[in-house]
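I have placed the structure first, in the form of structure tokens, so that the comments after it can refer back to it.
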Amino acid sequence: MNRRYFDILSPVLSFVCFASVLAMIAHALDFISFAHGEKIFIGILVVISGYSAACFRSLGINNLAARKKVIGKRLFLLFIFYIVMLIDFTLIDDGMGRNIFNIFNWNSTAFADYINDSTNLVPFATVRLFINGYSNGKLTLFACFENIIGNFVAFMPLPFFTVCLFRRFNKWYSVFITVLLSVLLVELLQFVFLTGASDIDDVILNVSGAMTFYGFLKIKCISKGISKITFGVWETVENKN
């Protein structure tokens, strides 16, 4: 493709990304309102358009080191965006029953209610509850899907960003510890702010999903493909193993 097209596509996609981010900010400030699914779609649009813009920009650069630098910077920005989205969905999003301002209502009664109603330390108890609820017709398939599959995929991007951006965390056990500590931190914050649910099932699903995705990315042919679309950023880190 002619370099001229790269020069056109990159700013167009950057504008789409910027407009999508502004829409997310407007939603956060209650200027406009999105349904839960719409917010996820816009978040995905930010990632796709933002990264594609960087790719087209890189294709117009002949120097490989300069290409990697462009992609590395864009991946870092997308990582920050992912962290913000993760904080929103796990701690803030009212549509998912999150409200960090519950901490201002903190008292012994509120704490006891949270322990009784929103804390689970029995592995797979919540998963069984959702499955049984769907089987009995008390819950919709979407509700089960959102809770179980949603928790499974929520931390999947973390291993990718960890390996690409932080050279010290490119071993499987480093990735595992990073994911586990991140998940436990979220659960702890939910507990402190009395928001969402502090659930061992969330930890199991979050960590399992992230490490399953990491294992998928480590498959040789997949890893080579990731290396190509990241212009060697993934491969550069992988070669340090």
_Just to be sure I understand the rule: take each whole DSSP H helix in the chain, project its Cα atoms onto its long axis, keep it if the span is 20 Å or more and its mean Kyte-Doolittle hydropathy is at least -1.0. Which ones pass?_
3-28, 36-59, 64-87, 172-193, 200-217
_Rel. contact order, % - alpha carbon contacts under 8 angstrom, at least six apart, the chain_ = 22
*With the full set of protein chains in place, find how many percent of the accessible area of the chain is carbon and sulfur; take the probe as 1.4 Å.*
70
*Add -39500 (n - 2.57) for each DSSP H run of 4 or more in the chain, then divide by its residues: what number comes out at 222 nm, to the nearest 500 deg cm²/dmol?*
-23000 deg cm²/dmol
*Built amide H within the under 5 Å cut-off of ASP199, gap 5+*: ASN120
*With 10 Å bins from 0: P(r) over region 2-138, alpha-carbon pairs, percent*: 10, 27, 24, 20, 12, 6, 1
*Taking only protein heavy atoms into account and a 1.4 Å probe, give the accessible area per residue of region 83-239 in Å².*
56
*asked:* At 1.306 mPa s and 10 °C, plugging the Kirkwood radius over alpha-carbon pairs of the chain into Stokes-Einstein gives what diffusion coefficient in µm²/s?
replied: 80
_Dipole magnitude (debye, nearest 20) for the chain, charges at Cβ of Lys, Arg, Asp, Glu_ = 1700
*Which listed residue (CYS144, TYR82, VAL70) has the Cα farthest towards the positive end of the charge dipole for region 52-167, taking +1 on Lys and Arg C-beta and -1 on Asp and Glu C-beta about the Cα centre?*
VAL70
_Given charges at beta-carbon only (K, R positive; D, E negative), |dipole| of region 113-241 in Debye_ = 840
*May I ask you to give the average projected area over all directions of the convex hull of the Cα atoms of region 39-120, in nm² rounded to one decimal?*
7.5
*Calculate the tail of P(r) for region 62-167: the fraction of all Cα-Cα distances greater than 19 Å, expressed in %.*
64
*For region 186-225, count the residues as N, evaluate 2.2 N^0.38 Å, and divide the Cα radius of gyration by that value, please.*
1.66
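By accessible area of protein heavy atoms, probe 1.4 Å, what ranking do ASP30, ASP199, ASP7 get, highest first?
My answer, sorted largest first, is ASP30, ASP7, ASP199.
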*asked:* Given an 8 Å cut-off on Cα distances and at least 6 residues of separation, report the relative contact order of region 146-223 as a percent.
replied: 44
*asked:* I need two numbers for region 143-241: Rg to one decimal and Dmax as a whole number, Cα atoms only, in Å.
replied: 14.8, 44
*asked:* Which one, ILE8, THR126, MET211, projects farthest toward the positive side of the charge dipole computed for the chain from Cβ point charges (K/R +1, D/E -1)?
replied: ILE8
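The values are calculated or read from the model by the stated rules, or taken from the named source; none is laboratory data. Nothing here was measured: the structure is a model prediction, and the numbers come from that model. Every residue, glycine among them, receives a Cβ derived from its backbone with ideal geometry; neighbour counts consider all protein chains shown. Accessible surface is based on the protein model in full, side chains and every heavy atom, while ligands, DNA and RNA are left aside. Shrake-Rupley method; radii C 1.70, N 1.55, O 1.52, S 1.80 Å.
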